[in-house]
Amino acid sequence: MQSQIIDPAKTELNHHHAAIAVDTHHEAHPDHRLFGLVVFLIAEGMIFVGMFGAYLAFRSTLPVWPPVGTPDLELLLPGVNTVNLIASSFVMHNADVAIKKNDARGMRIWLAITAAMGAIFLVGQVYEYTHLEFGLTTNLFASAFYVLTGFHGLHVTIGVVAILAVLWRSRVQGHYSNEKHFGIEAAEIYWHFVDVIWIILFGLLYLL
């Protein structure tokens, strides 16, 4: 039998062509996930902007706001909830910093703390609902209050679920790393969005 002679130059050329093919494949299929997330958040932001505009329009049409007879809102619990939610953004950012250092354990700890803080916010909101002295149909302010805070609470719930999903997927060794961490970044961006919306809501409903 004749032995097959391998030409090193030809082998190197084949490897070069394969590398070019891989690069071309990546260029032909760019990652649009971040763009899609931004578009989604812009759409969600537009919904909130419309709701804020409607609230301000309601406020401007009445001579007294909130309407006469509406009990005053307590500031202590919503204030604590606000501080908790703002602080959770910094905690969530620590998870992103940790995974970029390949610290998977630290990432999981920070994610778990963030999810717990989000859950505490929701518990606080439910507690506030059960102790309010007005209902959904009491007056225009009450209706706007429940719709705005309830819609935001839905987004917080989605954010907590997303963080728990990322935490669950991180149990697989190497699923997230300093090179593969889009899921964590996406959850972080969404969580910051939720926090910013709440700060605006808190100012409109509780302070103005």
Here the FRET efficiency for residue 62 versus residue 130, based on Cβ atoms and R0 = 30 Å and rounded to 0.05, is 0.65
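Keeping every protein chain present and rolling a 1.4 Å probe, give me the accessible area per residue for segment 29-92 in Å².
Computed with neighbouring chains in place, this is 63 Å² per residue.
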Take the solvent-accessible surface of the protein heavy atoms, probe 1.4 Å, and return the percent of it on segment 45-102 that carbon and sulfur atoms account for. 71
Theoretical ellipticity at 222 nm over the chain - DSSP helices of four or more residues, -39500 (n - 2.57) apiece, nearest 500: -26500 deg cm²/dmol
Helix axis angle, 8-28 relative to the chain longest principal axis, alpha carbon, degrees: 20
Evaluated over segment 66-121, the Cα radius of gyration and Dmax, each in Å: 16.5, 57
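Over segment 99-141, with the other protein chains present, what is the accessible area per residue in square angstrom, probe 1.4 angstrom? It would help to have the intermediate numbers written out before the result.
Numbers: 2510 Å² over 43 residues.
For segment 99-141, the solvent-accessible area averages 58 Å² per residue.
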Pair residue 175, residue 139: separation of 7 Å Cα→Cβ label points (nm): 5.0
Provide the convex hull volume over Cα atoms per residue for the chain, in Å³. 161
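The values are calculated or read from the model by the stated rules, or taken from the named source; none is laboratory data. Please read these numbers as outputs of a predicted model, since none were measured by experiment. Note that each Cβ is placed from the backbone with ideal geometry, even for glycine, and that neighbours are counted across all protein chains shown. The protein model used for the area step is the full one, side chains on, heavy atoms only, and it has no ligands, DNA or RNA in it. Shrake-Rupley method; radii C 1.70, N 1.55, O 1.52, S 1.80 Å.
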